[in-house]
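These notes concern the structure reproduced below.
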Amino acid sequence: VRPVPLEMYIDGFPGRHYCPRMASMNRPAYRAIRTHSPRKPVIIFVSSRRQTRLTAQDLMAFCGVEDNPRHFLHMDEAEADAVLERAADPSLRLALSFGIGMHHAGLTEGDRRLCEQLFHDRKIQVLVATSTLAWGVNLPAHLVILKGTEFFDAPSKGYVDYPLTDVLQMVGRAGRPQFDDSAVARIFVTDAKKDFYKKFLHAPFPVESSLHRHLREHINAEVAAGSITSAQDAVEYLSWTYLFRRLRQNPTYYGVEDTTDAGVNRHLSRMVMDCFAELERAQCVEIGFAEGSVAVAPTPLGRVASQYYLSATTMKTFADRLAAIRRDRLTCDLLHLLSEAAEWSELPVRHNEDLLNRELEREVPFPLARGPVDYLSPHAKTCLLLQKHLVRGALPCTDYTTDTRTVLDSSIRILQAMVDVAAYRGDAPAALAVMELTQAIKQAMLPTESPLLQLAGLSPGDAAAIAAGSGNCRCIQKGGLF
């Protein structure tokens, strides 16, 4: 039971094109604030950093025609001036002067914390934020406005709907226990989706299983652990999962044509055999026959995938392409191979980041490819971020810094798996080269550079002088050893 009762309104907006439709929502959003929450806190959720800025600009314009343009600001002039001096972003500084905050990953950590604190203390009334705020920071408000339910998805190169869990999380920010006895949520959607959201938000939706989308990784882990040794074992394993329960209750969702018990069992058997076939093609399992049934056994590659939590697709990519690594361009080819791992497909590529990726390619030592390059590919972005890390180059925005941390968190694990694959193939030079690349990523320097550059403050000239035997103690002292 919700502690604070919630009133929910769903408004439909016409228009095929995204940006004009978002612009048409700004005036209704301002009117909703004046109607439902003239003095209480308001959060407006938008899909991108650009929409955060554009929405705040329009709200400031609407405030400008009021008798009191700064009615969203609840500070005296001296306090407001002190706050504005702390804001680094000029657009944020202007918005804060009207009592409107902005919150997105493109702002510095200090600016985000400043907005959070001001909104929490009710010094500013309106906070325009991206959807990540709904999960990361506990800032409830009396009124929540969802300005659109779509975001740009780089893999599909278009706008897709928020996951329904995100919509619920954002709506759930409305209502402050101990402060409010009621709350309001306004959801702005396209006309075509208005009925869907009405049904979804007022009627329960069943929770479906996602196991069938990641069945290969689960089955491979069980085979590597010895829990599954045959097709019958795999079917019995699935019969104890939530997927099996939903298959029987909602068979159409999972593509089951024959909804009888026998039909569901046949569908499970087909899923298992298809999964075995895919794992065999990826060289992760071996399939045979024992006592009249299909038997399955793990391979070294399958055990590596299970140990490092990698997909079978990644294992196949490494096994097929490690042998083709050219000895005269080891670092370049290994970086390309590392960035092709299937695990990077979830790395976010935001709207217009293809332009940033083109600029980054001019600043890194190795090109992405000899032929056409998809600059919206998460794999291309991964390769660029790794190279910028190796040369210790500056990144264009805070988003890329966050994404670099994500890449570095997983890259060592994937490289360790690559070492094991090279060892399994008996390719000692490739295994050694991968180890050197692993160490290079840990130290943030290219494998071809002098190890002396790991010392803080030591220049390439000093390192060359020391290596040549002509360096003196002052060079070493500069490196911080004494």
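The values are calculated or read from the model by the stated rules, or taken from the named source; none is laboratory data. Owing to the predicted nature of the structure, the values given are computational and were not obtained by experimental measurement. Glycine gets a Cβ as well: all are built from the backbone with ideal geometry, and neighbour counts include every protein chain shown. The area values use the complete protein model at the heavy-atom level, side chains included, leaving out ligands, DNA and RNA. Shrake-Rupley method; radii C 1.70, N 1.55, O 1.52, S 1.80 Å.
Residue-wise test of (1) touching an Asp or Glu at 6+ places or on another chain (Cβ under 6 Å); (2) in a helix (DSSP H, G or I); (3) open to solvent by 40 Å² or more (accessible area, probe 1.4 Å).
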position: Glu7; (1), (2), (3): no, no, yes
position: Ala29; (1), (2), (3): no, yes, no
position: Ile44; (1), (2), (3): no, no, no
position: Gln51; (1), (2), (3): no, yes, no
position: Asp58; (1), (2), (3): no, yes, yes
position: Phe62; (1), (2), (3): no, yes, no
What is the number of the single condition among (1) of a type in the set (A, V, I, L, M, F, W, C); (2) open to solvent by less than 40 Å² (accessible area, probe 1.4 Å); (3) within 28 Å of the chain's Cα centre (by Cα) that Val235 does not meet? (3)
Those residues of the stretch 426-482 which are modelled with pLDDT of 70 or more and β-branched (Val, Ile, Thr) amount to Val434, Thr438, Ile441, Thr448, Ile466
Would you pick out the residues in the stretch 363-403 that are of a type outside the set (Asp, Glu), touching a helix residue (DSSP H, G or I) at 6+ places or on another chain (Cβ under 7 Å) and open to solvent by 60 Å² or more (accessible area, probe 1.4 Å)? Pro365, Pro367, Pro396
Does the stretch 115-136 hold any residues that are of a type outside the set (Lys, Arg), within 24 Å of Asp81 (Cβ to Cβ) and open to solvent by 30 Å² or more (accessible area, probe 1.4 Å), and which are they? Gln117, His120, Asp121
For the stretch 330-362 the number of residues that are surrounded by 14 or more Cβ atoms within 10 Å (Cβ to Cβ), charged (D, E, K, R) and not in a helix (DSSP H, G or I) is 2
Among (1) over 22 Å from Gln169 (Cα atoms); (2) of a type in the set (S, T, N, Q); (3) not in a helix (DSSP H, G or I) - the single one Ser91 does not satisfy: (3)
Residue count, the stretch 78-114 (criterion: of a type in the set (Asp, Glu) and open to solvent by less than 10 Å² (accessible area, probe 1.4 Å)): 1
Where residues in the stretch 206-232 are open to solvent by 70 Å² or more (accessible area, probe 1.4 Å) and not in a loop (DSSP other than H, G, I, E, B), which of them is farthest from Gln307 (Cα to Cα)? Gln232
Restricting the stretch 295-312 to residues that are surrounded by fewer than 18 Cβ atoms within 10 Å (Cβ to Cβ) and of a type outside the set (Gly, Ala, Ser), the one farthest from Ala422 (Cα to Cα) turns out to be Tyr309
Report, by residue number, each residue of the stretch 112-136 that is in contact with a Ser or Thr (Cβ under 9 Å, 6 or more places away or on another chain) and assigned to a loop (DSSP other than H, G, I, E, B). Gln125, Ser131
If you go through the stretch 365-404 one residue at a time, how many are among the small types (Gly, Ala, Ser), under 14 Å from Ser339 (Cα atoms) and not in a helix (DSSP H, G or I)? 2
Any residue at all in the stretch 238-257 that is part of a helix (DSSP H, G or I) and under 21 Å from Pro298 (Cα atoms)? yes
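Condition check ((1) in contact (Cβ under 8 Å) with a residue 12 or more places away in the chain; (2) over 27 Å from the mean Cα position of the chain (by Cα); (3) not in a helix (DSSP H, G or I)) across all residues:
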position: Gln283; (1), (2), (3): yes, yes, yes
position: Val296; (1), (2), (3): yes, yes, yes
position: Val304; (1), (2), (3): yes, no, no
position: Leu310; (1), (2), (3): yes, no, yes
position: Lys316; (1), (2), (3): yes, no, no
position: Asp328; (1), (2), (3): no, yes, no
Within the stretch 333-360, track down each residue that is closer than 21 Å to Val434 by Cβ, over 17 Å from the mean Cα position of the chain (by Cα) and of a type in the set (A, V, I, L, M). Leu334, Leu335, Leu337, Leu338
